[in-house]
Each structure stands twice: as structure tokens, then as C-alpha cells.
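Okay, handing you the structure first.
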Amino acid sequence: GVALMVSAPGLVVSAQIADRDECQGTDVSGERAAEFLRQIRQACSEAHTVPHVRIAIPQVISSHAGLGSGTQLGLAVSRALSELAGERSVPVETLARRAGRGLRSAIGLHGFARGGFLVDGGRAGSGELGTLVSRIEFPSHLGLLLAAPPQSTGLSGPAEQQAFASQPPMPQSLTGELCRIALMDWLPGLIEADFGRVSNAMYDFGLKVGQFFEPAQGGVFAHPRMAHLVQEVRSRGLNGVAQTSWGPTICLLCEDIRAAQEIVNDLSGDHRWSDCRFVLTEPLNRGAGVVLS
């Protein structure tokens, strides 16, 4: 897997010791946080008793949009509870195990811990976490634009599990090609600050993954409007575009934030895309932070 942590949309979780458990949040984040809390309590031993807590989530990442919201929320709740229980510097692997995350991919765990641009080498065994083979700083001057259609979500839960179960094993030839793109084009392009090379690698990698999962998600891109949007921006010479996870969100890579803002202005003024959600964001080259008060 390949991933980049971004600054927005971001997640903020506030937790304090209380007389009873209480979880409040927008979207479905409150319910999801309560479920993570139950899982963490079951996973912790008596030696690490989790106190009753009041959890508030004033800032959320949209659920089931392909942005890893579940993993980040689960890790954030797990981290907050460990801090309140007096545990410091708990490894992210332990936090994930308690919250029941990282079972399929560890890329979100590595991103939570370190931020930046990450390459996950996968798992050697069924009970192991994926190995982080590379983590580098993503150039901060590059502009990033997230786009998503209104009122649409990607695969999640049982539907996602069924999609994976119905897929044949990925051919070694495809795995090899993805490795080649990541390690011989994408990473060197970032290190050399070669915008064109990075853009092409981003699109090529996403295209090949999308073609493999096309039967499960209904197309190379999960949402037909986003597929048309990709064609539109590429016709303008913007090559760095790819779907995030199951989508429907797509990410566009621009030479700088000004270029990204110009794209937003153009698309927002076009009736074909004016109702879509656009988020200008930046690379996040650090892990999750904890503020004690």
C-alpha cells in the first residue's frame, strides 16, 4: 500500500475522566467512538484498567469516504484512553490491537504514528501487521485537492469484506508492477522534487489498482462523476490524480496551493461539479499530537 497523510480534513478527539462513559460527535463518530471504547475495554488487561471517560469529537473526517476515518478515530480513542490510564508512549501496534484496527492494512497505523508519505510492504503472515518499508517527507509546497460527490460513500463494513472476499488474488505481475512504480518512480520523484514524475506515478499506480478492483467497485473509479472529473482535469494537463482507497474521494496533485485554488474555482463554477465537495489540503509530515490539560 501507498499513502500520504494530509492536514485536512482532520480529526480532533477530546477525552477526560468522568463518572460514566459518554461519547459525543457529529456524523456517526460518536457511535463509532463508543464501539471502539467497548473494544478497548475488552482488550485491556486488569493491569491497565480503562477509566470511565467523556469523549467529544469536535472535528471529524467524513466516514466511508476513502480517507481512513475509522482507523484514525480508533487509534485516537485508544491513544486518549492510554494517556488517561497513565500509560505513556504506547506503541501504535498496541493501540491498534486494542481498537481492532490494522487487520488488513497497517498503512493507517504508520501514518498515525509518523505522518508523511508511506509505503507498506504488506504482511508476511496472517497475524502480523504490514511492514513499513519507506517513509519520507512529502514536499510541503505541493498543492493537494480532495474532491468527492455529494451524499455518496465508498464500500465499508460487510460490503467491503465481501468485496475483498470476491476478489481473486492479485497476480504477482501486478504486484511487481505496483512495486516498480512505487519504488522506482514515485519515491525517486519525490526525493528529486520532480513534479511530473510524481504525478505520472500517482496516476499509473491508482489506475492499475482501480482496474484490479473494478468488478467490486463498479469501475476503475467508484463513482461515475469522479471518473468524468478525472478525465476533465487530465484533459487540462493535470496528470496527478488518483482515488483514495474505496473512494469516492479522489485526490489531485498540483504544483502549488495557488494552482490547486484555481482548479477549485474553475470546478466550483462549472454546473457539472458545483455541488461536489472540494477540500484544499497540505501534506502532514508528522504523526498525531497529544495535548494534555
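The values are calculated or read from the model by the stated rules, or taken from the named source; none is laboratory data. Owing to the predicted nature of the structure, the values given are computational and were not obtained by experimental measurement. A quick note on method: Cβ atoms are made from the backbone with ideal geometry, for glycine too, and the neighbour counts reach across all protein chains shown. For accessibility, only protein heavy atoms count, side chains too; no ligands or nucleic acids. Shrake-Rupley method; radii C 1.70, N 1.55, O 1.52, S 1.80 Å.
Ignoring ligands and nucleic acids, what accessible area does Ser89 show with a 1.4 Å probe (Å², nearest 10)?
Taking all protein chains as shown, Ser89 has close to 100 Å².
Let me ask something else. Using a simple charge model, +1 on the beta-carbon of Lys and Arg, -1 on the beta-carbon of Asp and Glu, nothing else, what dipole does the chain show about its Cα centre, in debye to the nearest 20?
Details: 24 positive and 28 negative charges, 92 e Å.
With Lys and Arg at +1 and Asp and Glu at -1, about 440 debye.
Based on the mean of other Cβ atoms within 10 Å per residue, sort peptides 111-121, 3-13 so the most packed one is first. Each step should come with its number before you reach the end.
Details: 111-121: 21.1, 3-13: 17.6.
Sorting 111-121, 3-13 by mean packing, highest first, produces 111-121, 3-13.
With charges set only on the Cβ (+1 for Lys and Arg, -1 for Asp and Glu), what does the dipole of the range 1-132 come to about its Cα centre, in debye to the nearest 20?
Working: 13 positive and 12 negative charges, 40 e Å.
Computed about the Cα centre, the dipole is about 200 debye.
Also, quick follow-up: For the range 75-101 and the range 241-293, what is the separation of their Cα centres, given in Å?
One Cα centre to the other: 29 Å.
Further, regarding this structure: Check Leu284: other-chain or 5+ apart residues with amide H under 5 Å from its amide H, H built from backbone geometry?
For Leu284, whose amide H was placed from the backbone, the distant partners under 5 Å are Met5, Val6, Ser7, Gly116.
Out of Pro283, Ile181, Met170, whose Cα points farthest toward the positive end of the dipole of the range 163-293 (charges: +1 Lys, Arg; -1 Asp, Glu; placed on Cβ)?
Working it through, the farthest residue towards the positive pole turns out to be Met170.
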